[in-house]
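> Dropping the structure in here first, questions after.
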Amino acid sequence: MTVAPNPVLPQRVVVAGEASGAVLALDEPLSFWGGLSAEDGRVIDEHHPQVGACVTGTVLVMRSGRGSSSASTVLAEMARLGTAPAAIVMIDADEILATGSIVADELYGRAVPIVLVPEADYPAITAATTATLTLDGALTLT
Amino acid sequence: MPLTLTEADQAMLAGETGDAAAMAMRVVTRVADAMEAAELLSIEGAHIDSCLYLGQAGLDFARALAAGGAQVRVPATLNVSSLDLLHPDLFRGDATTAADSRELMALYEGMGCRPTWTCAPYQLEERPSFGQHVAWAESNAIVFANSVLGARTHRYGDFIDICSAITGRAPAAGLHLDANRRGEIVFRLVGVRDELLHHDALAPVLGSLVGHRAGARLPVIDGLPPETPEHRLKALGAAAASTGAVGMFHAVGITPEAPTLDAALGGRAAAMTVDITPADLRAARDGLSTTVDTSGALGAVSLGTPHYAVAEFGRLREALAGRVVSPDVEFFVNTGRDVLHEISLRGWQAELEQSGVQIVTDTCTYITPIMADVHTYAMTDSAKWAHYAPGNLGIDVVFGSVDDCADSAVAGRLVFRDEMWADR
């Protein structure tokens, strides 16, 4: 059995930032548009296994992106309203979310940090209770 | 590798061509950095999704660009908005949202974008040609541009679409590059009946299944008839882009970069091959519906997500065959102005309206309050609408073919034909 490293080192820092929060690991990817309510951070996608969950302030973990181009605006709007996740951790890059985070930074100085992690470390991350992200993209799990 | 900028890129970034261009170039370069692009490339067109009002952030961004004197440098089309400007009485939302939506639309028109208001810009007269680099947002349009036209766009979201249009530049990364356009996962149709293979209803269901299983991997579909028309490829791509992070697919023997399976895979072996059976398709089809209780009266039908093509209106005419829909069923079809113009010239618009069909332009029934409250269920022939409408509108949805939708609307209750979905 391999022991996962702690902290987990990133494959790539997509949008740098510091964050800490409870880990919310999604069983399936989520389209932020059509999948989340910007007003309260809840999953509204009726086809999603975690419909009703709240992403606000969490370290949101999902394998990849999904769906709509409008997710950029939804993420920026959530950052404005204070309902966004504290950070987003993925395996596959999703430039639609990256763009939303970058524009939230441009407009409001509120980037949502996004890091990509190696596939091998994914199970340890999804099993964690909380995660703390540092500027260099390292993710400390508890 | 760090991002290398040309002198012109740097000048723009430094504000020498205006504040808006500097802001736009900053966003483009930051996204390029996030994608680990080595450089930017020039684009020849853009499709802008940022014009759909979804809250203050979108408006703040457009106002900042407009205040800095933003003008697009390449031809840019506009996606759907929240309002149907041709049929404004259809809007049931509040006046503030309508005013904000209208302002956002006007801001993008003011930047020089064409007021096309369609999610299917590939159904306009001018469209990108093979190999052309463009910056398109709108998930279904991205897939169509890459897969069917052979144009090249990454899977872009809001903001970067207009920033690329203003700068004329996009990251040289992702689906712009040959290496990232090779198929990775093969879906092989096995044992599907000929009737279904040649029916419009297969594409959205197959696309939904493919997107779900492919995730962020580029799918190759093997086994579709070579004469599969564009509107089915549209429905397939739209569905796959809803359930997956799909920006492109190959259909062997159909799409331009996939004359053979080997070509679609770029000469490599597939990472995975998945057989798709009629049982898989039935499960995917049923998964598109949110309700099994269809004993009540049908509340509404919505077709045209993405915007209906002329060929799809033709199929709807055949399916309705001049019959009138039940007075208790609202029947909507979303489309673009160009297609509406074409079907009105053909006399189809008047005919469909006599059947009780309400045509919606410029927007879509799942992004803005147009439909009356549905207390039972609504029907659609679109996997994309079935995917998003339950969350957006809070209603139950049943997926059916255009024939099922037409028959159900006339009957006022669910009529569904299962035969073509059976094993061969």
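> Does B:Thr335 satisfy being hydroxyl-bearing (Ser, Thr, Tyr) and within 23 Å of B:Val415 (Cβ to Cβ)? Lay out the reasoning, then the answer.
Working: hydroxyl-bearing (Ser, Thr, Tyr): yes; within 23 Å of B:Val415 (Cβ to Cβ): no.
No; evaluated as a whole, the condition is false for this residue.
> Looking at B:Arg92, is it over 22 Å from the mean Cα position of the chain (by Cα) and more than 13 Å from chain A (Cβ to nearest Cβ)?
Values: over 22 Å from the mean Cα position of the chain (by Cα): yes; more than 13 Å from chain A (Cβ to nearest Cβ): yes.
Against the criterion (over 22 Å from the mean Cα position of the chain (by Cα) and more than 13 Å from chain A (Cβ to nearest Cβ)), B:Arg92 qualifies.
> One residue is enough: does region A:114-132 have a residue meeting the conditions surrounded by fewer than 18 Cβ atoms within 10 Å (Cβ to Cβ), at the interface with chain B (Cβ under 9 Å from one of its Cβ atoms) and either under 24 Å from B:Ser164 (Cβ atoms) or not basic (Lys, Arg) (or both)?
Within region A:114-132, none of the residues are surrounded by fewer than 18 Cβ atoms within 10 Å (Cβ to Cβ), at the interface with chain B (Cβ under 9 Å from one of its Cβ atoms) and either under 24 Å from B:Ser164 (Cβ atoms) or not basic (Lys, Arg) (or both).
> Those residues that are within 13 Å of chain A (Cβ to nearest Cβ), among the hydroxyl-bearing types (Ser, Thr, Tyr) and touching a His at 6+ places or on another chain (Cβ under 8 Å), I need them from region B:145-170; list them, please.
First, pick out the residues of region B:145-170 that are within 13 Å of chain A (Cβ to nearest Cβ): B:145, B:153-164, B:170.
Next cut, among the hydroxyl-bearing types (Ser, Thr, Tyr) only: B:153, B:156, B:164.
B:Thr153, the sole residue that qualifies.
> If you don't mind, another one. Hey, among B:Ala98, B:Ala141, B:Ala145, which residue is touching a helix residue (DSSP H, G or I) at 6+ places or on another chain (Cβ under 7 Å), closer than 27 Å to B:Val357 by Cβ and in a helix (DSSP H, G or I)? Lay out the reasoning, then the answer.
Details: B:Ala98 fails: touching a helix residue (DSSP H, G or I) at 6+ places or on another chain (Cβ under 7 Å); B:Ala145 fails: closer than 27 Å to B:Val357 by Cβ.
Going through B:Ala98, B:Ala141, B:Ala145 in turn, just one is touching a helix residue (DSSP H, G or I) at 6+ places or on another chain (Cβ under 7 Å), closer than 27 Å to B:Val357 by Cβ and in a helix (DSSP H, G or I): B:Ala141.
> Pick from region A:41-61 the residues that are among the hydrophobic types (A, V, I, L, M, F, W, C), surrounded by fewer than 24 Cβ atoms within 10 Å (Cβ to Cβ) and part of a loop (DSSP other than H, G, I, E, B): which of them is farthest from the other protein chains (Cβ to nearest Cβ)? Even if it seems obvious, please write down each step before you answer.
The initial filter retains those residues of region A:41-61 that are among the hydrophobic types (A, V, I, L, M, F, W, C), namely A:43-44, A:51, A:53-55, A:59-61.
Remaining after also requiring surrounded by fewer than 24 Cβ atoms within 10 Å (Cβ to Cβ): A:43-44, A:51, A:53-54, A:61.
Checking the rest, the ones that are also part of a loop (DSSP other than H, G, I, E, B) come to A:44, A:51, A:53.
Numbers: A:Ile44: 4, A:Val51: 8, A:Ala53: 13 Å.
Here the residue is A:Ala53.
> Could you give every pair whose Cβ atoms fall below 9 Å, whose first residue belongs to region B:49-62 and is facing chain A (nearest Cβ under 7 Å), and whose second residue is surrounded by fewer than 24 Cβ atoms within 10 Å (Cβ to Cβ) and polar (S, T, N, Q), counting only separations of at least 6 or pairs across chains?
From residues that are facing chain A (nearest Cβ under 7 Å), the pairs are B:Leu52/B:Ser81; B:Leu52/B:Ser101.
> Turning to a different aspect of this structure: Quick test for you: out of A:Ala38, A:Ala124, A:Ala120, pick the one residue that is in contact (Cβ under 8 Å) with a residue 24 or more places away in the chain and outside any helix (DSSP H, G or I). Can you show your working first?
Details: A:Ala124 fails: outside any helix (DSSP H, G or I); A:Ala120 fails: outside any helix (DSSP H, G or I).
Going through A:Ala38, A:Ala124, A:Ala120 in turn, the sole match is A:Ala38.
> Now for a different question. Considering region A:91-106 alone, what residues qualify as being at the interface with chain B (Cβ under 7 Å from one of its Cβ atoms), crowded, with 24+ Cβ neighbours inside 10 Å and either aromatic (Phe, Trp, Tyr) or closer than 16 Å to B:Gly174 by Cα (or both)?
Within region A:91-106, A:Asp94, A:Glu95, A:Ile96, A:Ala98, A:Thr99 qualify.
> Another question, then. Sort through B:Ala11, B:Ala37, B:Ala57 and tell me the only one that's crowded, with 16+ Cβ neighbours inside 10 Å, within 30 Å of B:Gly131 (Cα to Cα) and not polar (S, T, N, Q).
Values: B:Ala11 fails: crowded, with 16+ Cβ neighbours inside 10 Å; B:Ala57 fails: within 30 Å of B:Gly131 (Cα to Cα).
Step by step, each of B:Ala11, B:Ala37, B:Ala57 is checked, and only B:Ala37 is crowded, with 16+ Cβ neighbours inside 10 Å, within 30 Å of B:Gly131 (Cα to Cα) and not polar (S, T, N, Q).
> Among the numbered criteria (1) of a type in the set (S, T, N, Q); (2) surrounded by 19 or more Cβ atoms within 10 Å (Cβ to Cβ); (3) out of contact with any Ser or Thr (no Cβ under 8 Å at 6 or more places or on another chain), which one does B:Thr96 miss?
For B:Thr96, the exception is condition (2).
> Let me ask something additional. I'd like to check something: does region B:21-35 contain any residue that is acidic (Asp, Glu), under 16 Å from A:Ile102 (Cα atoms) and touching a Lys or Arg at 6+ places or on another chain (Cβ under 8 Å)? Break it down into steps so the answer makes sense when it comes.
The initial filter retains those residues of region B:21-35 that are acidic (Asp, Glu), namely B:33.
Adding the requirement that they be under 16 Å from A:Ile102 (Cα atoms) leaves B:33.
Add one more test, that the residue is touching a Lys or Arg at 6+ places or on another chain (Cβ under 8 Å), and what stays is none.
The answer is no; no qualifying residue exists.
> Kindly provide the set of residues from region A:67-84 that are more than 15 Å from B:Ser50 (Cα to Cα), more than 7 Å from every other protein chain (Cβ to nearest Cβ) and assigned to a helix (DSSP H, G or I), ordered by number.
Taking region A:67-84 and keeping what is more than 15 Å from B:Ser50 (Cα to Cα), we get A:67, A:78-84.
When the remaining residues are screened for being more than 7 Å from every other protein chain (Cβ to nearest Cβ), the result is A:78-79, A:81-84.
Hits for region A:67-84 are A:Met78, A:Ala79, A:Leu81.
> Could you list, in sequence order, the residues of region B:100-123 that are without any contact (Cβ under 8 Å) to a residue 40 or more places away in the chain and either in contact with a His (Cβ under 6 Å, 6 or more places away or on another chain) or among the charged types (D, E, K, R) (or both)? Can you show your working first?
First pass over region B:100-123, keeping only residues without any contact (Cβ under 8 Å) to a residue 40 or more places away in the chain: B:102, B:106, B:109, B:114-115.
Within region B:100-123, B:Arg102, B:Glu109, B:Arg114 meet the criteria.
> Can you name the number of the only condition in (1) under 30 Å from B:Ser82 (Cα atoms); (2) touching a Gly at 6+ places or on another chain (Cβ under 9 Å) that B:Ala37 fails?
(1)
We did not get these values from a lab; they are worked out from the coordinates using the rules stated. Everything quoted here is computed from the prediction, not taken from an experiment. We place every Cβ from the backbone using ideal geometry, glycine too, and count neighbours over all the protein chains shown.
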